[in-house]
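Quick notes on the structure that follows.
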Amino acid sequence: MVQKTSNAFIAASWVALGTGMTGYLIGLWRSEMALNEIGYYFTILMFGLFAVISLQKSVRDRLEGYPVTDIYYGLCWFSTLLSIALLIIGLINATLLPSEKGFYAFAFLLALFGAIAVQKNTRDNLVTEK
């Protein structure tokens, strides 16, 4: 039995994605970092979002029996972990207050979680509509 995702979870997923991305981007916009640093953190966010969406899709494809090559599956995991590692390395070396570093870390992780949940909900609802 396939059950449709609840509207509350769909809304919570979109709120998590929107809050994480918006908070992170507003933090970058209002920061006093050099433009190249802002570009670095923005690129990490976009790379991370793409990586987790691709990872969620490839994991789900494998579970449902669709062919996913081992190279692509491994690349998805590597990209996801690399985006997190690059954020950590950037924050460790940044001249930011610890509270600012924590803000970026949690906003980033919230955005990644939201992206995974939105992708999952989208995929689940496609299955229930058939």
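Each reported figure results from applying straightforward, stated rules to the coordinates on display, with no laboratory input. This structure is a prediction, so every number in the text was calculated from the model and none was measured. Cβ: placed from backbone, ideal geometry, glycine included. Neighbour counts: every protein chain shown.
Values as computed for the structure displayed
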item: Separation of alpha-carbon centers, segment 1-33 and segment 73-130, rounded to whole Å; result: 11
item: Net charge contributed by nearby residues that have their C-beta within less than 14 Å of residue 38 (K/R +1, D/E -1); result: -2
item: Spatially close lysines, pair count over the chain: Cα under 27 Å, gap of eight or more or interchain; result: 6
item: Segment 1-89: GluC sites (Glu not before Pro) in DSSP loop, at most 13 other beta carbons within 10 Å; result: 32, 64
item: Choice from 27, 114, 48 showing the highest fluctuation, given a GNM over the chain with Cα pairs closer than 10 Å; result: 27
item: Cβ-based net charge around residue 119, under 13 Å, with every Lys or Arg adding one and every Asp or Glu removing one; result: +2
item: Neighbourhood charge, 15 Å Cβ-Cβ cut-off, centred on residue 93 and excluding it, Lys, Arg +1 and Asp, Glu -1; result: -1
item: Computed helical MRE - 222 nm, the chain, DSSP H runs ≥ 4 contributing -39500 (n - 2.57), nearest 500; result: -30000 deg cm²/dmol
item: Descending semi-axes in Å of segment 7-125, equivalent ellipsoid built from Cα gyration tensor; result: 28, 18, 9
item: Cβ-based exposure ranking for 6, 54, in which fewest neighbours within 10 Å come first; result: 6, 54
item: Leading residue at positive end of dipole, the chain (Cβ point charges), from 9, 27, 98; result: 9
item: Dipole magnitude (debye, nearest 20) for the chain, charges at Cβ of Lys, Arg, Asp, Glu; result: 300
item: Fluctuation leader among 38, 88, 26 - the chain, Gaussian network, Cα springs under 10 angstrom; result: 26
